[in-house]
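Below is one structure, written out as structure tokens; comments come after it.
The values are calculated or read from the model by the stated rules, or taken from the named source; none is laboratory data. All values reported here derive from a predicted model rather than from experimental measurement. A quick note on method: Cβ atoms are made from the backbone with ideal geometry, for glycine too, and the neighbour counts reach across all protein chains shown. SASA here: full protein model, heavy atoms, side chains in, ligands and nucleic acids out. Shrake-Rupley method; radii C 1.70, N 1.55, O 1.52, S 1.80 Å.
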Amino acid sequence: VPDQFEYSSLENLPALLANAYGPGYVWDMMQKVLHRQPIRLDRIHEATARKCNDSAKLQAWHHVRRELLFYWAFQDFAAEYREQILGEGKGSESVDWRRLLAAYENGSWEDEPDWSVPELGFISGLLTRQFENSYAGKTNNPYVRTRLLKFGSKLTPQIVWQDGINEYQKLIEQRQLKVAKNFFPTLARALLRFPVLAHDGLLDKQRHEFISTFWSGYLMYKKSDSTAKDGLKNSDSEGGND
């Protein structure tokens with residue numbers, strides 16, 4: 001349920017722009033919007049990634065959720081602004097997370113186009129949460145807190161890739177973890193996509209978008225009914241609570 005901060009940050013245009021760009025930029029952004037000029041999202045991508053990383057290190061999941069709720073709300077606003085006011089398409093920045101969640105739950109990607117950087121971030125968050133639930137159930141050790149959120153460093157796509165995605169298959173075999181079958185085709189596809197986007201320079205260029213969608217996927221992962229039917233209720237329990 002949205003709290004008072006979420007209501008106040010979305011209730012009118014000045015509040016929306018102030019929260020996205022900072023109070024010092026609100027009038028400049030108001031001028032752009034009122035004169036139907038393009039608005040850039042770089043600042044909100046960077047701020048959201050930083051705030052989510054900082055709050056995740058403190059296990060302040062309520063603050064992470066709050067930032068992401070505003071992030072996705074502003075993304076919707078920006079998409080409508082481009083389409084309705086500027087007469088443009090919604091653009092490649094949009095992430096159809098509902099479609100990705102459905103495909104992830106089924107583990108079926110036959111008709112899915114190649115993932116963009118934000119889409120790969122979202123998928124990586126889902127993979128990480130599903131793996132961590134099983135890993136913690138077997139080892140009583142929170143993988144993200146101890147292996148990804150390293151002291152004195154910030155979470156990056158490269159850390160998620162090298163210390164996370166690359167390690168999951170090996171750890172599943174070593175620890176004999178029980179993970180639902182939808183996990184493996186998605187992991188294989190992610191392992192193929194990371195080096196392609198890194199080679200093209202996109203993984204670093206869009207690193208803030210990746211981290212914002214990574215935390216979104218991580219917190220939105222939920223064990224499906226089909227997973228429960230596979231007899232994994234104990235090994236794939238929920239984690240990451242406040």
Probe 1.4 Å - accessible area at D204, Å² to nearest ten: 80 Å²
Accessible area in the full protein assembly, largest first, 1.4 Å probe, for W27, W72: W27, W72
Percent carbon-and-sulfur accessible area, the chain, ignoring ligands, DNA and RNA, probe 1.4 Å: 51 percent
GNM result for the chain, Cα springs below 10 Å: residue of L203, L120, L41 fluctuating most strongly: L41
Area accessible to solvent at D114, 1.4 Å probe radius, in Å²: 110 Å²
Sites A79 and M30, calculated FRET efficiency, Cβ-Cβ separation with R0 22 Å, nearest 0.05: 0.70
Rounded tilt (10° steps) of 183-199 against the dominant C-alpha axis of the chain: 50 degrees
Value of [θ]222 nm, deg cm²/dmol, for the chain, DSSP H segments ≥ 4, -39500 (n - 2.57) each, nearest 500: -18500 deg cm²/dmol
Per-residue SASA entry for S108, accessible area with 1.4 Å probe, Å² rounded to 10: 50 Å²
Cα-based helix-to-principal-axis angle, 97-106 vs the chain, degrees rounded to 10: 10 degrees
Exposure ranking of I123, I85 by accessible area [1.4 Å probe, largest first]: I85, I123
Residue-normalised accessible area of the chain, expressed per residue, 1.4 Å probe, Å²: 53 Å²
H62, H35, reordered so the largest accessible area comes first (probe 1.4 Å): H35, H62
